[in-house]
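Below you'll find the structure, written out as structure tokens, and then a few comments.
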Amino acid sequence: MTFQQTSTARASKSSLFLRSQMRNIAPFATLILLLIFFSIASPSFATIDNASNILTQISVTGIMAVGLTFVILCGEIDLSVASIANATGIVVAYFTLQESYVNIANIPVAGWLAVALALAACTGLGLVNAFGTTVIGIPSFIMTLAMMQIGAGISALLVRGQIAYNVPDIVSTLGASNVGGFPTIALVLLAFLLVGHVTLTYTRFGRYIYMVGGNREAAEYSGVNVKLILGAALVICAVCSGIAGMVGVAHFGSAQQNEFDGYLLDAIAAVVVGGTSLFGGRGGIGNTIVGLCVLGVLNNGLDHIQIDSFLKILIRGLILLAALIVNVYVQNIRSVERAEGA
Amino acid sequence: MSEDKHSKSRRDFIRTAGVTAAGSAAAMLGGLGISPAMAQEMAAATGRSEKPLKAAFSNAGLQATWCAQGKQAAEHWGKLFNVEVTWFDGQLDAVKQRAAIDNMASQKWDFVAIQAFGIGTLIQPVQKMIDAGIPVIDMDTLIAPLDKINVHTFLAPNNEFMGAAVTQALVQKLGGKGKIIMTQGALGHTGAQGRAKGFQSVIAANPGMEVLDDQPADWDVTKASRLWDTYLTKYPQIDAAFFHNDDMALAAYNVMKSRGRTDILIGGVDAMPPAIAAVADGRMYATVRNPSSRIHGGAIVAGVAAVTGGEKTGEGIPKNVVTDGPVVTKDNAAGMQWMQNHFLI
């Protein structure tokens, strides 16, 4: 083998590696570019204080996104995450004693019971999603679209246009306090990310998730209970959303209808922009972390620079589109390579 | 006793003035501390309908506290004036409200009252009702420019005044000198545009005031919190903050509190009960009442006056009734809460 041949082989090997890692590299490069851009554009961006802001700001989205990563890895989607978060946040406030000026006919119970009822509520909604998708056979897109309405309906019914402010102490501690200057809501996010990562990477259940998303038929033939895995992913997602809703309500200081509506797009975007495939089977919590940071930095950075408010919406959309194009493009390259290999 | 005299003299005045139902409307709209029982008595004497009237109401969306309070007020005053109120929820969505108003227009009503979510989206069904001879009372937001559609009357606060009044209260407290941030509602919303205009007019008249930022949070408490995370990082000195509504103000207060920056004077708009409590205990400095009860209750009174008293636009009721509320500070917070409890403002 000549030197030229060796170097050509090495170059093609490294380009192959780069291409195979494109899904992970592209979002990370986007993040670095955004960090550099905003650091130059605004002196207040690259500060410790603002890093803490970004971490806090991605926490609610992040907890939702952990659950959503499980569902998307299965090749499904959950459009009810924000709605379930909202409903669960409202349920926990509904069962908490409110100030006299809050005009809601609520039922105050002990804090632990309120939290238990809220957890039961989000688990129940997740089970309905799971039942509809796996037993009845409704596509997850439609099933969770219906659940989005149901969650909004529960929220509306409980608060009846009013706003509740109080949540149990345990929820306030998790959502709206600091430990040594570090926001506890960010600690909750880190715990969720860690548990999510360990489950997906080091457990049999995690591998089954990837198998179901990668090739459902193959998984089924290998003896994996695909419906159970799908159902479990949807329930996990609903519980993550519910907990995100509870700590979110504590963090923002109020529980009200439509409060987390904007988080649906953010949560899906965080997962997909990070490089997890919308078609399932590829990606993971690591990707979700990068996606969360891209969105967090983008949202926060745009607040730091003086820019036309109308233009901001467009910029967010364009960056999201670019990331999605990369995602699908990389997926296509892989499919072609696979076909060529076969 | 003196209260009795007061109500009698008021009734005498109304009779003398020769105004029938509109008189009670004026009295109620005046928000002069009339209890519901007195109002019922007055309603009977002046404009209460003998046969039950059927009215249809729609406001922007019942998920908004302001709209939910308006519904309660309309139902409360409806009971007093023998009006059965049917509600068509706008759901904070122009398309959904249009469908609701289309349904409304296919039924028979003695009068209807509508707060449009989007200007110009309801013209056709509203015109259909006007053509059928149904008095249409426009509440808070224009259904269409008043020269384009012949509504019975338009009951609305002046958003520019509200923005200016609260900003003025903040500026005055600062002695005309300081750094201020305005957090806007949705930029496309006429209410937000008016409030911003009012804010700007006061700032222009006070050269000592510096506006640090004026980004919109779209009425969204999560966005308001995010913006204020940034502001508190970016600006070491912020003296005052004006929010286009109280919900955003209260959300931002949480952020300020968590960073120990509660020295910032906060002003809001709406003066709903949670904000009144915040003003009373010093979390907020001031807010201005956007009188939901006065507007929705006023629509009942205007509707009854039109049906039973034959009141016509320009004859008895003007085309445009400005329903401004006062600035609420610690001094008048308790009274404002009481008036809201009784749907007077």
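The values are calculated or read from the model by the stated rules, or taken from the named source; none is laboratory data. In this text, all values refer to a predicted model and were calculated from it rather than measured experimentally. Cβ: placed from backbone, ideal geometry, glycine included. Neighbour counts: every protein chain shown. Surface accessibility is based on the protein's heavy atoms, side chains included, excluding ligands, DNA and RNA. Shrake-Rupley method; radii C 1.70, N 1.55, O 1.52, S 1.80 Å.
Rounded to the nearest 10 degrees, the angle from helix A:285-304 to the longest Cα principal axis of chain A is 70 degrees. Shape class for region B:159-289: rounded, because the ratio a/c of the largest to smallest gyration tensor axis (alpha-carbon atoms, square roots of eigenvalues) is under 1.5. In terms of distances greater than 32 angstrom between alpha carbons, the cross-link table entries A:K312/B:K128; B:K173/B:K197; B:K128/B:K197; B:K96/B:K234; B:K234/B:K330; B:K96/B:K148 yield A:K312/B:K128; B:K128/B:K197; B:K96/B:K234.
When only the heavy atoms of the protein chains count and the probe is 1.4 Å, how do A:H197, B:H152 rank by accessible area, highest first? Provide the component values of the computation, followed by the final result.
Numbers: A:H197 75, B:H152 15 Å².
My answer, sorted largest first, is A:H197, B:H152.
Using Cα-Cα distances under 8 Å and only pairs 6 or more residues apart, what relative contact order does region B:159-289 have, in percent? For region B:159-289, the relative contact order is 28 percent. Shape class of region A:23-118 from the alpha-carbon gyration tensor: oblate, with a/c at 1.5 or above and b/c at least as large as a/b. Using r as the Cβ-Cβ distance of A:L321 and B:A334, and R0 as 56 Å, what FRET efficiency do you calculate, to the nearest 0.05? Working from the Cβ atoms, E equals 0.60.
For region A:100-213, what does the alpha-carbon gyration tensor say about shape, rounded, prolate or oblate, given a ≥ b ≥ c as the root eigenvalues, a/c under 1.5 as rounded, and a/b over b/c as prolate? Don't skip to the end; give the middle numbers.
Working: a/c = 2.64, a/b = 1.21, b/c = 2.17.
It is oblate, given that a/c is not under 1.5 and a/b is not larger than b/c.
Shielding value for B:226-235 is 6, the average number of Cβ atoms from other chains within 10 Å of each residue's Cβ. Shown is the FRET efficiency for B:D102 and A:V109, computed with R0 = 41 Å from the Cβ-Cβ distance and rounded to the nearest 0.05: 0.45. Treating r as the C-beta distance of B:T262 and A:A120 and R0 as 41 Å, the FRET efficiency rounds to 0.65. Taking 0.36 nm per residue of separation and subtracting the Cα-Cα distance, full extension of the segment from A:Y202 to A:D261 would add 17.9 nm.
Can you give the relative contact order of region A:46-341 as a percent, counting alpha carbon pairs under 8 Å and 6+ residues apart? Kindly include the intermediate steps, with their values, before the conclusion.
Values: 516 pairs, mean separation 96.6, N = 296.
Relative contact order here is 33 percent.
A Cβ-based charge dipole, computed about the Cα centre of the protein assembly as shown with Lys and Arg at +1 and Asp and Glu at -1, lands at about 820 debye. The simple spin-label model puts a point 7 Å past each Cα toward its Cβ; for A:N332 and B:Y235 those points are separated by 4.7 nm.
Per 0.36 nm of contour for each residue apart, how much would the distance between A:T47 and A:L157 grow if the chain were fully extended, relative to their Cα-Cα spacing?
Details: separation 110, 0.36 × 110 = 39.60 nm, distance 4.28 nm.
Residue separation times 0.36 nm, minus the Cα-Cα distance, leaves 35.3 nm.
Axis of helix A:3-20 versus longest Cα principal axis of chain A: the two differ by about 20°, to the nearest ten degrees.
What fraction of the DSSP beta bridges in the protein assembly as shown is antiparallel, stated in percent and rounded to the nearest 5?
Numbers: 6 of 42 bridges.
DSSP beta bridges in the protein assembly as shown are roughly 15 percent antiparallel.
Between amide H atoms placed 1.01 Å from N, distances below 5 Å from B:N245 occur with B:V269, all of them 5 or more places distant or on a separate chain.
Each peptide among B:94-101, A:280-287 gets the average number of other Cβ atoms lying within 10 Å of its residues, and from highest to lowest they stand as A:280-287, B:94-101.
Only bridges whose two residues both fall in chain B count here: according to DSSP, what percent of them are antiparallel, nearest 5?
Values: 3 of 39 bridges.
Looking only at bridges with both residues in chain B, the antiparallel portion is about 10 percent.
Counting pairs of alpha carbon atoms under 8 Å apart in space and at least six apart in sequence, what relative contact order in percent does region A:60-155 give? RCO, region A:60-155: 39 percent. In this label model, A:L127 and A:I307 are separated by 4.6 nm, measuring between points 7 Å along each Cα→Cβ vector. The angle between the Cα long axis of helix A:140-159 and the main principal axis of chain A comes to about 20°, on a 0 to 90 degree scale.
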